[in-house]
Amino acid sequence: MYHKFDVVIVGAGGAGLMAAMQLPNASVAVLTKVYPTRSHTGAAQGGVAAALGNQEEDHWKWHMYDTVKGGDYLVDQPAAEILARDAIDAIYELEHRGLPFNRTADGRIDQRRFGGHTRNFGEGPVRRACYAADRTGHMLLQTMYQSAVKNQVRFFNEFLVLDLLMSEGRACGVVAMEIRTGEIHTFHAKAILFATGGYGRAWRVTSNAFACMGDGMSLAYRRGIPLQDMEMYQFHPTGLYKVGVLLSEAARGEGGKLLNGKGEYFMERYMPTLKDLAPRDIVSRCIIQEIKDGNGVDGKDYVYLDVRHLGAQTIAEKLPDITDFARNYLGVEPITEPVPIQPTAHYAMGGIPTDTDARVVIDGNWTPLIGFYAAGEVASVSVHGANRLGTNSLVDLIVFGRRAGKDIARFIAQSDHAPLPDKPDSTARELVERMLSSNGGESAAHVRNELQGEMLDNVFVERTERGLRHALDTIDGLQESYKRVQLQDKSKLFNTELVETLELGFLLDCAEATIHGALVRQESRGAHFRLDYPKRDDVNWLKHTLVYKGEKAHDVRLDYKDVILIDDPVFKPKERKY
Ligand SMILES: Cc1cc2nc3c(=O)[nH]c(=O)nc-3n(C[C@H](O)[C@H](O)[C@H](O)COP(=O)(O)OP(=O)(O)OC[C@H]3O[C@@H](n4cnc5c(N)ncnc54)[C@H](O)[C@@H]3O)c2cc1C
């Protein structure tokens, strides 16, 4: 079936919906593989950063400083400035749309502490995170979805996008499979925005929803667009032991502390100023160090998150959801018992490279691909550099989702639809047909399991050349196995096995790009920690990596892009001390 719109937005999370909001006069289709309010944005717990200064003095420049420093200087600084400045307006826009934030006694938006957010260029923690209990993302997504429905945005729910279309050097549409019927649809548009989120499911222990399979990154990658800084993947320090489900940093923002097997609050030893609220990459590494030193609980590979001293009332009022997670998944009562935790795969700092108007750029010279945009976790602007601060993703969604929408509005007013290529749906059709007719005997579950185990073993908090080479060989083999995957369900109607197998292909692409980035980057920076190169190396590595897809896992092409710094001594790269 053929559809024609001015704009196609793929993804109904925070980034996609924020962009849709900016296009009241255009015909806009939002395509989403899950029901909109099931997008992973709804799982965000702790908050959204903006220097409102409602609780104590704060400035956007302090927020920018924390973002740049937190990202270990791999941040494009003009983008970080936009993030910190625009955050304030974007939050008020959401407030006016009805987002039920927690309030101060005098009725303003309440703010809490979060890791790495400081006052006066690193002096001590500041209250910058606006929040709605520990379900900020849920409230944000519901508010935006209601606004979108009110504004007559056309939703195509449970449509799985399988291809990005290009002609005459421009993006001109997408091809999607309607999950309910298996029917293939072609969407023709002047502008396409990918807002498809992250790929945390590449690791066995992850905080990410089942839908976070890296679809958008992979689809762009398959069409010759590079992926940027994929080695920069964040592991959140506090996932529930073995399950990976997130216990928000809000727990530590409210005063929760990490406890080792010896009963020590060990972060005081590593980070005397910020203690448990140091940036996530640092806290994750401290946990791994404690475990290596034999200080895990009962000598095992986990430590505790302790919120007992906060008292039952604060826990019930400020942290209701996450304490329920501990009860339901581990049978632990956080009011009286410490909760077993370990680092969990959480967030992609890398992704499809864009400029600050969310336009996708395809090389080290910032050449744009006309008509193609990306925003949210799928994109790399790059405001998070080598490590994202807590609460800086939701703000990224609303700031750059908004900028994407505004630039798209400008662009579609000036341009026509580029023609579709011949047989536009052929690649997607072949992909589906091949999968349905394969009788190679391989199981998708097996391939997925191997992938997730390998990533956890060798592409986690600590990395080495040896481990990464092993991971690359494994991926190479898994890509071969993937070609032989045989489905048990060959029907077209609501074939979830088919959907999951197609998604697994996306995940393999993202894993491949991640490993290549990690292998070439012979330094340690932010979330990327190489045991064999433990120091940051600004002389050789203050640059973004770009990975271009090749035929096989081993033969990708690599390129590099300068990090944009501004001329202000405050933001000059220096050692990241806290
Ligand atoms: C448990 C958890 C807690 C978090 N807490 C916070 C927090 O407190 N503060 C903060 O700042 N950040 C937090 N984050 C990070 C933040 O929530 C995410 O980075 C962010 O929500 C991603 O939003 P997004 O709009 O980019 O994509 P998502 O919300 O993931 O949405 C992706 C959309 O793309 C669609 N899609 C994907 N692939 C396809 C396809 N092939 N075809 C069609 N549609 C497709 C999906 O259906 C979905 O609608 C948290 C993350 C997790 C996992």
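Per-residue answers, yes or no, for (1) buried (at least 20 other Cβ atoms within 10 Å of the Cβ); (2) at pLDDT 95 or above; (3) of a type outside the set (Lys, Arg):
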position: Glu158; (1), (2), (3): no, yes, yes
position: Leu162; (1), (2), (3): yes, yes, yes
position: Ser167; (1), (2), (3): no, yes, yes
position: Glu178; (1), (2), (3): no, yes, yes
position: Lys190; (1), (2), (3): yes, yes, no
position: Leu193; (1), (2), (3): yes, yes, yes
position: Gly197; (1), (2), (3): yes, yes, yes
position: Arg204; (1), (2), (3): no, yes, no
position: Ser207; (1), (2), (3): yes, yes, yes
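Within segment 331-341, not a single residue is touching a residue at least 60 places away in the same chain (Cβ under 8 Å) and open to solvent by 30 Å² or more (accessible area, probe 1.4 Å).
Hey, can you tell me all the residues within segment 192-205 that are more than 8 Å from the ligand (Cβ to nearest atom), farther than 12 Å from Leu507 by Cα and out of contact with any Ser or Thr (no Cβ under 6 Å at 6 or more places or on another chain)? Before you say what the answer is, go through the steps one by one.
From segment 192-205, those more than 8 Å from the ligand (Cβ to nearest atom) are 192-194, 199, 201-205; that's our starting set.
Checking which are farther than 12 Å from Leu507 by Cα leaves us with 192-194, 204-205.
Those that are more than 8 Å from the ligand (Cβ to nearest atom), farther than 12 Å from Leu507 by Cα and out of contact with any Ser or Thr (no Cβ under 6 Å at 6 or more places or on another chain): Ile192, Leu193, Phe194, Arg204.
Within segment 311-330, how many residues are open to solvent by 30 Å² or more (accessible area, probe 1.4 Å) and touching a helix residue (DSSP H, G or I) at 6+ places or on another chain (Cβ under 9 Å)? The number of residues fulfilling the criteria is 3. Do you know which residues across segment 26-78 are within 9 Å of the ligand (Cβ to nearest atom), touching a helix residue (DSSP H, G or I) at 6+ places or on another chain (Cβ under 7 Å) and assigned to a loop (DSSP other than H, G, I, E, B)? Ser39, Ala44, Gln45, Gly46, Gly47, listed by residue number.
Take the residues in segment 145-156 that are not in a loop (DSSP other than H, G, I, E, B) and not small (Gly, Ala, Ser); name whichever of them is least open to solvent (accessible area, probe 1.4 Å). Explain how you work it out, then say what you get.
Narrowing segment 145-156 to residues not in a loop (DSSP other than H, G, I, E, B): 145-150, 154-156.
Among the residues that remain, those that are also not small (Gly, Ala, Ser) are: 145-146, 149-150, 154-156.
Numbers: Tyr145: 37, Gln146: 121, Val149: 77, Lys150: 156, Arg154: 122, Phe155: 42, Phe156: 13 Å².
Of everything passing the filter in segment 145-156, Phe156 is least open to solvent (accessible area, probe 1.4 Å).
Within this structure, Ala418 fails the test of being more than 16 Å from the ligand (Cβ to nearest atom) and either part of a helix (DSSP H, G or I) or out of contact with any Asp or Glu (no Cβ under 7 Å at 6 or more places or on another chain) (or both). State whether the residues of segment 246-254 include one that is assigned to a loop (DSSP other than H, G, I, E, B), more than 9 Å from the ligand (Cβ to nearest atom) and more than 23 Å from the chain's Cα centre (by Cα). Yes, some residue in segment 246-254 is assigned to a loop (DSSP other than H, G, I, E, B), more than 9 Å from the ligand (Cβ to nearest atom) and more than 23 Å from the chain's Cα centre (by Cα).
Is it fair to say Val378 is of a type outside the set (S, T, N, Q) and in contact with a strand residue (DSSP E or B) (Cβ under 7 Å, 6 or more places away or on another chain)? Show your work before the answer.
Working: of a type outside the set (S, T, N, Q): yes; in contact with a strand residue (DSSP E or B) (Cβ under 7 Å, 6 or more places away or on another chain): yes.
It is true that Val378 is of a type outside the set (S, T, N, Q) and in contact with a strand residue (DSSP E or B) (Cβ under 7 Å, 6 or more places away or on another chain).
For segment 493-534, a tally of residues being touching a Ser or Thr at 6+ places or on another chain (Cβ under 6 Å), open to solvent by 40 Å² or more (accessible area, probe 1.4 Å) and of a type in the set (D, E, K, R) returns 1. Being outside the structural domain of Asp110 (by TED's automatic domain parsing) and either surrounded by fewer than 24 Cβ atoms within 10 Å (Cβ to Cβ) or touching a Phe, Trp or Tyr at 6+ places or on another chain (Cβ under 6 Å) (or both): is that true of Asp293 here? So Asp293 fits the description; yes. Got a number for residues in segment 390-415 being within 16 Å of the ligand (Cβ to nearest atom) and modelled with pLDDT of 95 or more? Of the residues in that region, 16 qualify. Name the residue that is farthest from the ligand (Cβ to nearest atom), counting only residues in segment 233-244 that are more than 23 Å from Arg525 (Cα to Cα) and buried (at least 20 other Cβ atoms within 10 Å of the Cβ). Out of the qualifying residues, it is Tyr241.
The values are calculated or read from the model by the stated rules, or taken from the named source; none is laboratory data. As the structure is a prediction and not an experimental result, all values here were calculated from the model. Methodologically, a virtual Cβ is constructed for each residue, glycine included, from the backbone with ideal geometry; neighbour enumeration extends over all protein chains shown. Ligands, DNA and RNA are excluded from the accessible area calculation, which covers all protein heavy atoms including side chains. Shrake-Rupley method; radii C 1.70, N 1.55, O 1.52, S 1.80 Å.
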